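What follows draws every value from the coordinates through simple rules; no lab data is involved. The model shown is predicted, which means the values in this text are computed figures rather than measured ones. Note that each Cβ is placed from the backbone with ideal geometry, even for glycine, and that neighbours are counted across all protein chains shown.
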Amino acid sequence: MPGGLQHGLLTRTALDLLPSCFRLPAGERNALIEEYCLYPDMFFSLDKSVYEKILPYTFIKDGIQFHYPPNTPIEKLYRYWLPVPDEGRLEKSRPFSNDNFLHVKDGFTFYLDHIAACFAAKNYSDGAKFAGCLLHMLEDACFGAHSIEGPLGTDIFVLERLFERRDDELNRTPLGILASLDCSRIEPVEYQPRLLGESVSEIVMHLYAAYAESVAVSRRICFSIVQNVYQNNQGENAGLVQRMFANAAKICADALFSVWCVAKQRFDASADLREVCLTRLEPHAFPLGGSGGYHFLSYLKNIAVGGNMKRIPLQLRLDNEVVSFDRGLSWGSHFEASLLYWLPDNTYSVFDAAIGLHPDSIDELSGVRIRLINDGKEVDEFDFEAGRPATRIAIDHPRGDFGFTISYLPGAPHRNSIIVVGDPMLRK
Ligand SMILES: [Zn+2]
């Protein structure tokens, strides 16, 4: 919940992290710091001339301004099941649609498209205004109380319900504490911005993952800040505010750096983008509350968990040999579950991985069907059981909605099967 001063400070810090070849003219730089990065708040002013000035730079979808995006409705992933007795299975009764992802993906695309086009045409005035709106949204999401909302988030008042109210100190409720964070002693941030993509759509994919991660980091910091005040450990909060400030400034710098690279078609730092492990991306649909050790978990990165809740290595039995993977994903089986990502068009030539059931979770009743999804369509289907526990796969031109859906084989019972995807790599 940054105020005007904090937005200006975050925007200035992000701009200062950019290399000198990506500098705005002084007038536009100052206007971006002092005015344009406040546009999403000024939009509420009710002054008609202000409204008309800012409207062209405002992305609105389904009645929602690109400012405080919808939350991910994760309850639909785990809560609503109904039995289908004739088929011996449960089915999800509420379709899941990731409102946060759909809104933010379109908003990122709108702003990055406009900023790149304006900067390429040296129209720095309009480019800086679009940039101000994008930075403001990222700053709100990653600094202060709004990090409670958004990707995997919930309503902002949840902290008021989780912490006991002190009726003699109503100005020091959780939101009161988070609305008055002291940025007066913020120290300079040292960071080299990352290139997130060589096209706007590739940036959108990586920026969404960075946004989800940055919000998650700041959300945990906000919780610690409030807890420190309640436990009289306020002295530790200055360091936490500094960490959260740096966290927000870095994602702003990454977004600006990347869109400048697209505008100028300069991709000196692109080596890291040639091969991307799925663990670096943020799925828009994911399993939650699977079987066995995954009962209270989603998918896990680079490890698996046994039924006793102990960490186990990521493994598959391939060609009668147990193979371990340093990188990959695991989740618990269920009657229905999906792990889906969104990939940009015309970016990757192939996806390859090994998929199947973890050797520790197979018995004679195991039976799981994994369907591969590419561009929103089923492109292949594999049945895994004791006699065929895993296989290697490759998909040409992975793009669009991409990933895995799982179910049990017809007639197979609910088992504690562990789904493993080893070395899931997207290659250009
Ligand atoms: Zn705001």
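Taking Cβ atoms as reference points and 13 Å as the exclusive limit, the residues near LEU138 contribute a net charge of -3, counting Lys and Arg as +1 and Asp and Glu as -1.
Averaging the Cα positions of each part gives two centres, and for region 111-128 and region 378-428 these lie 42 Å apart. Among 249-257, 273-281, 65-73, 227-235, the peptide with the highest mean count of other Cβ atoms within 10 Å heads the list, and the full ranking is 249-257, 65-73, 273-281, 227-235. Exposure proxy shown here: for CYS222, CYS142, CYS261, CYS183, the number of other Cβ atoms within 10 Å sets the order, fewest to most, as CYS183, CYS261, CYS222, CYS142. Among 27-34, 45-52, sorting by the average number of other beta carbon atoms lying within 10 angstrom of each residue, highest first, gives 27-34, 45-52. Each listed q (0.08, 0.12 Å⁻¹) maps to a log10 I(q)/I(0) for the chain from the Debye sum over equal C-alpha point scatterers, namely -0.50, -1.05. Summarising the overall dimensions of region 276-427 from its C-alpha atoms, the Rg and Dmax are 14.1, 43 angstrom. For ALA179 and THR109, FRET efficiency with R0 = 30 Å and r from the beta-carbon atoms, rounded to 0.05? Here the calculated transfer efficiency is 0.45. By the rule of a C-alpha distance below 17 Å, with chain neighbours fewer than 8 residues away ignored, the lysines paired with LYS310 are LYS301. Over all pairs of different C-alpha atoms in region 69-158, the reciprocal of the mean inverse distance, the Kirkwood hydrodynamic radius, equals 15.8 Å. Here's the list of lysines a cross-link from LYS122 could span, going by alpha-carbon distance under 24 Å and ignoring same-chain residues fewer than 8 apart: LYS53, LYS264.
Per-residue extension of 0.36 nm, minus the Cα-Cα distance of SER20 and SER224, leaves a gain of 69.8 nm for this segment. About the centre of its Cα atoms, the chain shows a dipole size close to 420 debye [charges on the beta carbon of Lys, Arg (+1) and Asp, Glu (-1) only; nearest 20 debye].
The angle separating the long axis of helix 237-264 from the principal Cα axis of greatest extent in the chain is about 90 degrees.
Whole Å is fine, so just give me how far the alpha carbon centre of region 26-105 lies from that of region 279-314. Each part reduced to its Cα centre gives a spacing of 27 Å.
Could you order the peptides 377-389, 4-16 from most to least packed, using the average number of other C-beta atoms within 10 Å per residue?
Details: 377-389: 13.8, 4-16: 20.3.
Per-residue mean Cβ counts within 10 Å order the peptides as 4-16, 377-389.
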